[in-house]
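The values are calculated or read from the model by the stated rules, or taken from the named source; none is laboratory data. Just so you know, these numbers come straight off a predicted model, no measurement behind them. Ideal geometry is used to build each Cβ from the backbone, glycine not excepted, and the neighbour counts take in all protein chains shown.
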Amino acid sequence: VKLRHVATSHDVGTIINAVAHQGQVEGGLIQALGQAMSEHLIVQDGLVVTAHLGEYKLPTIKDIPELTTVNVRARGRGPFDIKAISELTNAALPAAIANAVYDAVGVRLLDLPISAEAVFLGLQGRKLDASTT
Amino acid sequence: MRSVKIQVNGTAVLRDVADNRLLIDFLRIDLQLTGTKEGCSVGVCGACTVLFNGLPISSCLALVAHVDGGEVTTIEGLPDGERLHPVQQAFVTHGGYQCGICTPGQILAAKALLDANPRPTRAEIQHWMMGNLCRCTGYYKIIESIEAAAEASRK
């Protein structure tokens, strides 16, 4: 499963610091990318066996897709018409990727991360064993 | 114990250290250079990156004995007095940091890249920098910062 391009649109108020605002968009998205496609805290018999960040697999600078961001300006409720951003950019991507996989190959995945192994098993009508993955 | 002589940020440091003293503990505890951050402690995150004879190494995996007789550069060694190094300034201007823990390592790795390759392509930046993890920025602004620092050095 390879993510080629992400286009996002955000309902924003007044942007006070444009660089920091876009940084929140990008940071939230790549956290979502990790959650959706690689990050995995493996627990076996009640013990965490993911030993370190290399096994947990944060996205690296080589894993990021092309990105298009569209900010849709609306009136915010805060002072200066501000609205929140940051965590909001984190929410949609895992579901969007799962839907893209379903659209492409007809496999409906409800567990994260979405891995090649999960898609392969899904194509055979099987599921990953949650206790060992 | 052993006696070591290391150029740290341009100053000669003479110390007696235990054979198993880690470079990161030597820098942070013995020399009080706390700009170097410890992340994973096993060499996968890049937060503890320092330059040894100009090249990036993980100070959490290096012994002081390894760098005896050489030059070590930490983030404290980059500014010229009150004036930030161009790579530092680019990270500030272009939002190449958020929480800051990975930032000293990112900046030192980026400096080593630009020293070796003053005009890197985006793919070359991504290849060189992939040993430095960042949880906050999503990396786009780190790339922008390094491109801006490369651009600034051409003027």
- Which one is surrounded by the most Cβ atoms within 10 Å (Cβ to Cβ), of the residues in the range B:99-145 that are of a type in the set (A, V, I, L, M) and in contact with a His (Cβ under 9 Å, 6 or more places away or on another chain)? B:142
- Query: Exactly one of (1) touching a Gly at 6+ places or on another chain (Cβ under 8 Å); (2) over 24 Å from residue B:81 (Cα atoms); (3) in a loop (DSSP other than H, G, I, E, B) is unmet by residue B:38. Its number?
  - Reply: (1)
- Of all residues in the range A:57-75, which are within 12 Å of chain B (Cβ to nearest Cβ) and part of a loop (DSSP other than H, G, I, E, B)? A:57, A:58, A:59, A:60, A:61, A:62, A:63, A:64, A:65
- Query: Assuming residue B:119 fulfils every condition listed in (1) in contact with an Asp or Glu (Cβ under 7 Å, 6 or more places away or on another chain); (2) free of Cβ contacts under 8 Å to residues at least 40 places away in the same chain apart from one, which condition is it?
  - Reply: (1)
- Which of the residues that make up the range B:98-148 are part of a helix (DSSP H, G or I), small (Gly, Ala, Ser) and either within 21 Å of residue A:17 (Cβ to Cβ) or modelled with pLDDT under 95 (or both)? B:145, B:148
- Query: For residue A:114, which of the numbered conditions (1) surrounded by 13 or more Cβ atoms within 10 Å (Cβ to Cβ); (2) modelled with pLDDT under 90; (3) not in a helix (DSSP H, G or I) fails to hold?
  - Reply: (2)
- Among B:108, B:84, which is the only one that is in contact with a Ser or Thr (Cβ under 9 Å, 6 or more places away or on another chain), away from every other protein chain (no Cβ under 11 Å) and not small (Gly, Ala, Ser)? B:108
- Task: Return yes when residue B:70 is more than 14 Å from chain A (Cβ to nearest Cβ) and either at negative phi or without any contact (Cβ under 8 Å) to a residue 60 or more places away in the chain (or both) and no when it is not.
- Result: yes
- Counting only residues that are free of Cβ contacts under 8 Å to residues at least 24 places away in the same chain, among the polar types (S, T, N, Q) and out of contact with any helix residue (DSSP H, G or I) (no Cβ under 8 Å at 6 or more places or on another chain), the range B:6-45 contains a total of 3
- the range A:35-56, residues that are surrounded by 15 or more Cβ atoms within 10 Å (Cβ to Cβ) and within 14 Å of chain B (Cβ to nearest Cβ): A:35, A:36, A:37, A:38, A:39, A:50, A:53, A:56
- Filter result for residue A:69 (under 18 Å from residue B:135 (Cα atoms) and hydroxyl-bearing (Ser, Thr, Tyr)): no
- Residue satisfying all of: in the range A:9-34; of a type in the set (Val, Ile, Thr) and in contact (Cβ under 8 Å) with a residue 60 or more places away in the chain; farthest from the other protein chains (Cβ to nearest Cβ) among these: A:14
- Message: Condition check: crowded, with 18+ Cβ neighbours inside 10 Å, within 14 Å of chain A (Cβ to nearest Cβ) and out of contact with any Lys or Arg (no Cβ under 9 Å at 6 or more places or on another chain). Does residue B:40 satisfy that?
- Response: yes
- Output the residue which, of all residues in the range B:42-71 that are outside any loop (DSSP other than H, G, I, E, B) and more than 22 Å from residue B:116 (Cα to Cα), is farthest from the chain's Cα centre (by Cα). B:65
